[in-house]
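Peer 1: Got a structure for you, written out below as structure tokens; questions coming shortly.
The values are calculated or read from the model by the stated rules, or taken from the named source; none is laboratory data. Because the structure is predicted, anything quoted here is derived from the model rather than measured. Here Cβ is always computed from backbone atoms with ideal geometry, including for glycine, and neighbour counts include all displayed protein chains. The protein model used for the area step is the full one, side chains on, heavy atoms only, and it has no ligands, DNA or RNA in it. Shrake-Rupley method; radii C 1.70, N 1.55, O 1.52, S 1.80 Å.
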Amino acid sequence: MVVGLSLLIIGAISVYYGFSQSASLQMGHAERLLKIRYTKANKNYSPILGASTANTVDNIYINLVMLPKKNLTKEFKNEFQSSSDDLWRTEHAFTSAGQRMQSLNLESLLNNTHQDQSSHLTGQTLGTIVMASAGCGKSFVFTRVAPIKWAAGELWPNKKLLVARELRFPDVHKATSLSKLLGLDGIGIEDSNAQQEICDHVREHPESLVLILDGLDEVSLKDMSSFVYDVLFGKELQGIHLIVTSRPCADIFQLSVLPHFHQHIELMGFKQDDVERYIHSVLSPEESRDLDRRS
């Protein structure tokens with residue numbers, strides 16, 4: 001009886017570690033494929049500007065000014081719930097130089113999701129929502145720069161997977177499962193068993209995933225699948241690091257998602273020094289002079 005029980009325990013342990021090892025291998029495979037995809041995207045983009053200039057531009061975008069909502073003026077907080085793009089560009093959107101010095105950077109963004117957690121949010125998704133007006137660079141920095149820097153090991157190197165997707169596409173906002181939301185088919189993982197092992201691993205170790213969903217304002221929550229809706233409201237994939245970007249919007253239904261995020265960030269735009277760096281790095285002398293004349 002004792003021998004039989006021992007064999008049963010040993011067998012169970014072997015099966016468990018067998019599955020764990022297989023899942024880890026599949027996660028490693030997914031990580032490599034994602035990094036290859038992001039690296040290829042970078043190589044396709046770099047020739048347009050040149051590798052050195054493209055890297056300079058990426059670093060400028062990494063330095064975009066991002067402020068926690070708690071640092072904004074009282075007037076701006078009051079207007080937050082009904083702000084539109086025009087309102088977002090008012091004087092309230094631009095805080096003092098002292099507040100700008102308290103800005104976050106991409107590297108610290110995940111660390112800050114652990115702060116200011118209310119008791120009623122404990123155990124939910126570690127979510128950050130980044131709000132910014134059109135043209136501030138939010139999509140570029142979160143769907144291009146962040147994935148490229150992660151693939152190069154320069155950003156969030158302890159995160160096994162970083163998946164950046166645009167909510168405006170139907171295959172994203174209508175995704176009915178984790179594998180579809182992650183786009184595993186699209187990176188070359190088509191085997192259903194492999195997909196399942198990756199998804200199981202993510203659910204067991206949610207801290208290993210950074211999921212970026214860009215453009216909340218570009219799709220109505222009413223049009224989303226129940227799965228994506230539950231991800232946004234912290235009912236699915238609890239414990240992952242979720243970053244959602246959006247323009248300000250007055251749609252009450254859309255804004256109702258905000259309280260479910262641990263951290264609200266306002267992306268202010270470029271620092272003046274970086275604007276000048278961009279002009280000198282990217283524009284020709286003739287274009288720079290023309291810009292100076294127009295301003």
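Peer 1: Tell me the net charge near Ser192. Cut-off is 13 Å between Cβ atoms, Ser192 excluded, with +1 for each Lys or Arg and -1 for each Asp or Glu. Write down the numbers at each step before the final one.
Peer 2: Numbers: positive: Lys180; negative: Asp185, Glu190, Asp191, Glu197, Asp200.
Net local charge, Ser192 excluded: -4.
Peer 1: Out of the stretch 173-264, which trypsin sites (Lys or Arg not before Pro) are coil in DSSP terms and have no more than 14 other C-beta atoms within 10 Å? Show your work: numbers first, answer last.
Peer 2: Numbers: sites: Lys174, Lys180, Arg203, Lys222, Lys235; in loops: Lys174, Lys235.
Loop-located and lightly packed - Lys235.
Peer 1: Only sites in a loop by DSSP and with at most 14 other Cβ atoms within 10 Å count here; which GluC sites (Glu not before Pro) in the stretch 211-285 make the cut? Can you show the working numbers first?
Peer 2: Details: sites: Glu218, Glu236, Glu266, Glu276; in loops: Glu236.
Here no GluC sites (Glu not before Pro) fit, given the DSSP loop and packing criteria.
Peer 1: Let me ask something additional. Quick check: residue separation of Lys271 and Ile36 times 0.36 nm, minus the Cα distance between them. What number comes out in nm?
Peer 2: Working: separation 235, 0.36 × 235 = 84.60 nm, distance 3.15 nm.
So the extension gain works out to 81.5 nm.
Peer 1: Still on this structure, please answer the following. In the neighborhood of Leu242, defined by Cβ-to-Cβ distances under 13 Å, what is the net charge if each Lys or Arg adds +1 and each Asp or Glu adds -1? Numbers along the way, then the final one.
Peer 2: Numbers: positive: Lys159, Arg165, Lys235; negative: Glu207, Asp214, Asp230, Glu236.
Here the charged neighbours net out to -1.
Peer 1: Fully extended, how many nm does the chain gain between Asn193 and Ala152 (0.36 nm per residue separation, minus their Cα-Cα distance)? Write down the numbers at each step before the final one.
Peer 2: On the way: separation 41, 0.36 × 41 = 14.76 nm, distance 2.86 nm.
Working it through step by step, the gained length comes to 11.9 nm.
Peer 1: What net charge is computed for the residues neighbouring Gly28, neighbours being all others with C-beta under 14 Å from the C-beta of Gly28, Lys and Arg scored +1, Asp and Glu -1?
Peer 2: Working: positive: Arg32, Lys35, Lys159, Lys160; negative: Glu31, Glu197.
Within the 14 Å Cβ shell, the charges total +2.
Peer 1: Starting from 0.36 nm per residue, how many nanometres of slack lie between Asn55 and Glu107 once their C-alpha separation is accounted for?
Peer 2: Numbers: separation 52, 0.36 × 52 = 18.72 nm, distance 1.70 nm.
Gain on extension, Asn55 to Glu107, equals 17.0 nm.
Peer 1: Let me ask another. Within the accessible area of the stretch 157-250, what % is carbon and sulfur when the probe is 1.4 Å and the other protein chains stay in place?
Peer 2: On the way: 1620 of 3820 Å².
The computed percentage sits at 42.
Peer 1: For the cross-link pairs Lys43/Lys69; Lys138/Lys174; Lys43/Lys174; Lys35/Lys69; Lys160/Lys222, which exceed 28 Å when the distance is taken from alpha carbon to alpha carbon? Walk me through the numbers on the way to the answer.
Peer 2: On the way: Lys43/Lys69 36 Å; Lys138/Lys174 23 Å; Lys43/Lys174 30 Å; Lys35/Lys69 32 Å; Lys160/Lys222 32 Å.
Violating the 28 Å Cα-Cα cut-off are Lys43/Lys69; Lys43/Lys174; Lys35/Lys69; Lys160/Lys222.
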